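Just so it is clear, none of the values below were taken in a lab; they were calculated from the coordinates. Since the model is a prediction, treat every value here as computed from it, not as a measurement. Cβ sites come from the backbone with ideal geometry, for glycine too, and all protein chains shown count toward neighbours.
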Amino acid sequence: MSDVRIGVYICHCGKNIAGVIDPAKVAEFASKLPNVVVARDYMYMCSSPGQALIEEDIKKYNLNRVIVAACSPRMHEPTFQAVLRKAGLNPWLLQMVNIREHDTWVHEDTPDKAEEKAKELVAAAVARATHLYEITTEKAPVVKSALVVGGGIAGIRAALDLANAGIKVYLVEKRQSIGGKMAQLDKTFPTLDCSKCILTPLMVDVARHPNIEIYAYSEVVDVSGSAGDFKVKIKLKPTYVDWSKCTGCGVCVEKCPGRAPSEFNEGLGIRKAIYFEFAQAVPRRPVIDPNYCLWFTKGICRVCSKVCPVGAIDYEQKERYVELNVGAIVVAIGYEIYDMTKMVEYGYGKFKNVITGLQLERLSDADGPTKGRIVRLSDGKEPKTIAIVLCAGSRDEKHVKYCCRFGCAAALKHVYYIKHSVPDAKVLVLYTDVRAFGKGFEEFYQKVRSWDDVYFIRGRPAEIFEDKDGSLIFDVYDSNTGQLINVKADLVVLESAVVPPKDWEPLRRLLKVSCDPGGFALELHPKLRPFETTADGIFLAGTIQGPKDIPDTVAHAAAAAAAAIGFLLKGYVESVPYLATVNEDLCSGCSLCASVCPYDAITIEEKEGRRVAKVNVIKCKGCGACAATCPSGAMQQHYFTDTQILSEVSTLAGGAK
Amino acid sequence: MSLDVRLIDKKVLKDVIELVKPHTPQYCYQCAKCTSACSTSKVLPDYKPHLIVALTRLGLVKELLNSGIIWACSECWKCAEYCPQDVAPVEVVIALKNLAIAMGYKPPEDLKVMTKNVIELGYISPPIEVLSKEFEVYSRSVLGLPQLIKPYINVETANNLRRFFGGVYE
Amino acid sequence: MSKFLLFLGCTIPTKQYAYEVSVRNVLPRLGIELVDFPEAGCCGFPLKGISKKGWVYMSARILSLAAKRGLPVLALCNGCDTSLRKVKDILKHDEVLRDEVAELLGREGVKLNFNVDVYHTIEVLHDFVGVEKIKSLVVRPLKGIKIASYPGCHMLRPTDIPRPEPSGEPKKFDMVLSALGAEVGYYPDKGGCCGATMLPYSPKHAFRLTASKIRNMKDFGFQATTTSCPYCMEMLDSKQEAIRTEVGDDTLSIPVFYITQLVGLAIGLKPRELGLNLNLSPVEEVLEKLGVSLYE
Amino acid sequence: MGEGVFEPRIVVFACNWCSYAGIDLAGTSRIKYPHNVRIVKVMCSGRVNPEMVLKALADGADGVLITGCHPGDCHYISGNYKTMRRYFLLRKLLKQLGLEERVRLEWISASEGERWARVATDFVEHIRRLGPLKLKEVMSSE
């Protein structure tokens, strides 16, 4: 390796790096290291002039290795690889050194030590770079179809966008109907248009779209393969109705004597044992709930079977499985309301007249359990004083740390419901901060403030008690007036915190997507790539990435679809550069590597009379487990060879000379 | 009353944080849920835990200490229980009391007496004779209860106690 | 047979004698062996405002003395129970303070050891004796008497350390009362504060706080109340007359019992064996219903 | 070095997907921890073989920290389980050499910047208490 010619570039990153250490000194240090031909520092290496600097140097000094000491390689490695490519060098002759996230940002209290550390890291990179070599990648075709998990507004929008781009879409929904949380809402803020009126046409579009296939009442149970070529196993839960025969006439539902609490109405109303989720359900195909069906529970009835004009009822139906082959997966499984019984101080679940905002939506909906009348659940009376509690469980270290992002605007909307249903009601909005950040929200907030008998109290109740008549009594300190206010309310509405759905965790593990501290899916980058994940080919749409209101959810879903379309239409996936590679001369064919490969990418083959390992470059994802296991050093991993890692380790362990 | 920004004293919050750890008064966002919960506040409206925390964060606690209102806390712990940011206002108040004593402020008279009794007798008061409803006098011995002994027989115990509490009544 | 160190604290042995009398007479009959712990003294909880460190030292001393005796501690008072458990928690997490306290205790020949189990009266009744056993011993059920359990703040809070009633509600209390045959139920602010700690600052305000608790109980039709904390008892019972005078409301009258007094009554003990003649609230109202005379 | 406290030299292996991202997050969130740690990126903790750990100790490191995704969370399905098994075997070997206290395996997820700072601080303090290893000097003097 006599002709190794290294260029070292130390980035100031404005003050991010240069505010703590002196990049010029690090460059000066680097210039004396073996094989280093040129070492420079610059204000912003990632800027156009910074990139041009490297490009010119490569040509001028005939460099064949480039080291950039700057931010995390997770940030700008691709940027600088492109520079190398442009200058005619193989991009894997680049070595990044993380002196920002791993150094100046965390050691600013000890700048001398931070500078020493930067020098050592650069020295280790120089040692490692000496052993870098050119890497080429291979391409494999992509299956032009997508799976969308979850049929709420995010899934609907993503599915439609994908389908309209000519991509075959499989939409999987765990419940009987698509529609999700948005279908449960009466109206949407800030415009107060009817939620179902704007949602159901889209649901119908989904049902009719030639490129979309809906799997309702179904779940994803297994995912294998990799980006561009996923194999997905879908479980079709038994509906006890042969949907291929069913015409959706609904006579079975009409005649069914079985009753069950309605999930769609948040437990407030009842539904039949054979049911549609709601009137405009898509698909319009009913399911039997065996926990409440008299045939399943008591062995009597069978009315549905008798009245069905097409003989679609099938009590013997078993769960079925479907295997799908898709290139990309869009996760759109939404959110759940935080279990408010965990906030014992508010008495939800104990006091009947304490309800959640989502329950108020159901009460206000003309199609809901009270036909749109807002009532006290204890006695069905019209409430005259209603308190709405914001941040119920949100922004709370003991419950949910983050902001729910729609509670404030929903509360304003809920004031409207109440004033619309009970015009003479007194409404107290108990807020901490009204975060009316969205388009049209502030104007809406202003309008609601002006309404008669609506009071905004800046405070948060601590304990809610029930009086003998079922009304709720509590004190709330109002920091606007500086007074403790005694409240006696007929109804308390909790704008509850939101959490990821319970079934997210098993799906997340199947998809190998990371999660944030709140349990939501972790995006690839919080600002720049908020709808992609660290898993290639898996995209995020809507609230599974974090709480969102409907406008943001739709925008996010459309962006996820666009990203998925781009991924699918590119037509190929590239093999990872960090592939396993065999030195056949050293390989003894012991097959230990094959036994540790999680992707079955290694086979043992006969070659010139002896057994040697062979790597399938598309299957291999570059974890390096085989290389770590190989007893002879025959199996190596590109860009992470034993020699490369050991030279880096040795330098770091010994310190800079 | 107005507050002067030049008087902001960050040391107070620092001292309080040290005394209340692992609670986090620095996280307070003034939702005032503590004051909604506060037992004392219901009978003594001038007592406002969220205000005490806010003033502590600014280090402007002179007024609080002068007025002695921090001694009104009923220590019901509701503020800490319901605080969404684990500020634990009650612990902040206890810390302020400690700071006040260290600065030479005196606690309420009864607490002084209790402190003296604890150091000298081991209990907050000497065993008293109580009256029944029928005005009969009862003492421990009349009730057949074992005689109380002085728990701090070791001179070092008394020394240790005096180190912590002595300044209050001496 | 469970054996406990009887830790009285500072209020019970100096004025709230009825608690001590009833505990000493009732618990052994339920199979609990009590061992006196006279070297303990005050837990320091009332003095933490003067010096938090001083309080930690005092409770640490008691924990260490108990560890030396090798028995779990039965703390009768809510304050003592909280104090000992809180200090255990502090010592577990604060190494610096732990070393400091160990040094101070070392000077008086006590080895710091806070590896001691601490239990409250209600836990001994509910967890160790058990409601089934209590039920089996009842000879004089408290039938038809609606009793408001009043646990007192520190039975429920702070929840960052283990509490005798871990649910945030006095469930064990009501279970024991039900076992005695009494009626139990909900009333607002069951977990509220009696105001005892406010006494040194302003008795007047403290009384108003207690008054609101009695009012809630009366509003919800309770005929009596019970607690297991000497401070709550002091406020609800001893100061009841003063409270009526302060708020000018003669209807604020309710019989108040220690939970051990009620258990004793139900298992057939005489009022005097329970120190009931020392209760200043109208306990006769309940005794009459049970057909018992205070002077039996 | 002067009279000051002993500043241990610690080599950290971090997997690209969880731990390296978690360490980055500590940086992005400006959560401070001791400067003594030097991070070596690998794609998966399953890539780390015993030779790398021993090489670090032999060449002058006072401690080695291997970090990976939490069990069940591996980007490569099961790489961290391989790490775990290999680590237990490695510890047996290290124990015979009296070095088992100097190598630790920790799980850091991409969202655990704070946890990383805590782990790093703890480990640096732990190694500081153990004192310098000086394996390099011992070996070169022979």
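Overview of results
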| quantity | calculated |
| --- | --- |
| Quarter of Cα convex hull surface for chain A, i.e. mean projection, nm² | 37.1 |
| Given charges at Cβ of Lys, Arg, Asp, Glu: chain B dipole, positive-most of B:S36, B:Y152, B:L111 | B:S36 |
| FRET efficiency, C:Y186 to A:Y455 (Cβ-Cβ, R0 25 Å, nearest 0.05) | 0.30 |
| Sorted by Cβ density within 10 Å, fewest first, the residues A:T188, B:T24, A:T543, A:T247 | A:T247, B:T24, A:T188, A:T543 |
| Shape category assigned to segment B:1-73 from the gyration tensor of Cα positions, a/c cut at 1.5 | oblate |
| Ranking of D:R115, D:R38, A:R449 by count of other Cβ atoms within 10 Å, fewest first | A:R449, D:R115, D:R38 |
| Principal-axis tilt of helix A:73-86 within chain A, Cα atoms, nearest 10 degrees | 50 |
| Normalised convex hull volume, segment D:1-66, alpha-carbon set, Å³ per residue | 83 |
| Net charge over other residues, Cβ less than 13 angstrom from the Cβ of B:V61 (K, R count +1; D, E count -1) | +3 |
| Tail fraction, Cα-Cα pairs, segment C:2-120, threshold 22 Å, whole percent | 31 |
| Rounded to the nearest 20 debye, dipole of chain A from Cβ charges on Lys, Arg, Asp, Glu | 1400 |
| Charge dipole magnitude, Cβ of K and R +1, D and E -1 - the protein assembly as shown, Cα centre, debye nearest 20 | 1260 |
| Within segment A:385-461, GluC sites (Glu not before Pro) in DSSP loop having at most 16 other beta-carbon neighbours inside 10 Å | A:E397 |
| Helix D:79-97 vs. chain D, principal-axis angle (Cα, 0 to 90°, nearest 10) | 10 |
| Centre separation in Å (Cα based) which lies between segment A:435-453 and segment A:224-298 | 39 |
| Selected from C:V139, C:V118, C:V23 as most flexible by GNM, with chain C as the system and alpha-carbon contacts under 10 Å | C:V139 |
| Quotient of Cα Rg and 2.2 N^0.38 Å for chain B, N being how many residues it contains | 1.28 |
| Inter-part distance where segment A:483-535 and segment C:1-61 are each reduced to a Cα centre, Å | 47 |
| Total formal charge among the other residues, if their Cβ is under 13 angstrom from that of A:C590, Lys/Arg +1 and Asp/Glu -1 | +2 |
| Highest-fluctuation residue, B:K48, B:K97, B:K14 considered, GNM on chain B with Cα pairs under 10 Å | B:K14 |
| Ellipsoid semi-axes in whole angstrom, largest first, where each is sqrt(5λ) of the Cα gyration tensor of segment A:11-165 | 37, 22, 14 |
| Estimated inter-spin distance, B:A102 and D:M139, nm [label 7 Å along Cα→Cβ] | 5.1 |
| Under Karplus coefficients 6.51, -1.76 and 1.60, residue-wise ³J(HN,Hα) of segment B:130-141 in Hz, glycine/proline x | 10, 9, 7, 4, 8, 6, 7, 8, 10, 10, 4, 5 |
| Spacing of the two label points (7 Å from each Cα toward its C-beta) at D:T121 and B:R163, in nm | 2.8 |
| Rounded, prolate or oblate (a/c below 1.5 giving rounded, otherwise prolate when a/b exceeds b/c) for segment C:131-290 by Cα gyration tensor | oblate |
| Hydrodynamic radius (Kirkwood) for the protein assembly as shown, which is based on Cα pairs only, to one decimal in Å | 35.4 |
| Cut-off under 5 Å, modelled amide H: who pairs with A:Q483 long-range | A:D478 |
| Segment A:159-259: C-alpha gyration tensor shape, a/c 1.5 cut-off, then a/b vs b/c | oblate |
| Cα-derived Rg to Rh of segment A:75-120, Kirkwood definition | 1.15 |
| Kirkwood Rh and Cα Rg combined as Rg over Rh, evaluated for segment A:570-627 | 1.01 |
| Mean residue ellipticity (222 nm) of chain A, computed from DSSP H runs ≥ 4 via -39,500 (n - 2.57), nearest 500 | -8500 deg cm²/dmol |
| Pairwise label distance in nanometres, D:E114 with A:E382, each label 7 Å out on the Cα-Cβ vector | 4.9 |
| Filtered chymotrypsin sites (Phe, Trp or Tyr not before Pro), segment C:1-62: DSSP coil and at most 11 other beta carbons within 10 Å | none |
| Loop-located GluC sites (Glu not before Pro) in segment A:104-161 whose Cβ has at most 16 other Cβ within 10 Å (DSSP) | A:E108, A:E134, A:E138 |
| Ranked list, fewest to most other Cβ atoms within 10 Å of each Cβ, for A:E608, C:E273 | A:E608, C:E273 |
| Local electrostatic count at A:D490 - Lys and Arg +1, Asp and Glu -1, tallied over other residues with Cβ under 13 Å | 0 |
| Residue-averaged 222 nm ellipticity for chain C, from DSSP H runs of 4+ at -39500 (n - 2.57), nearest 500 | -12000 deg cm²/dmol |
| Helix-only CD estimate at 222 nm, as mean residue ellipticity for chain D, using -39500 (n - 2.57) per DSSP H run (n ≥ 4) | -14000 deg cm²/dmol |
| Lys pairs under 12 Å by Cα in segment C:138-296, provided they are eight or more residues apart or on distinct chains | 6 |
| Distance-filtered residues of segment B:146-170 - backbone nitrogen under 20 Å, label point 7 angstrom along B:E120 Cα→Cβ | B:148-170 |
| Separation between Cα centres of segment D:1-67 and segment C:75-111, rounded to whole Å | 38 |
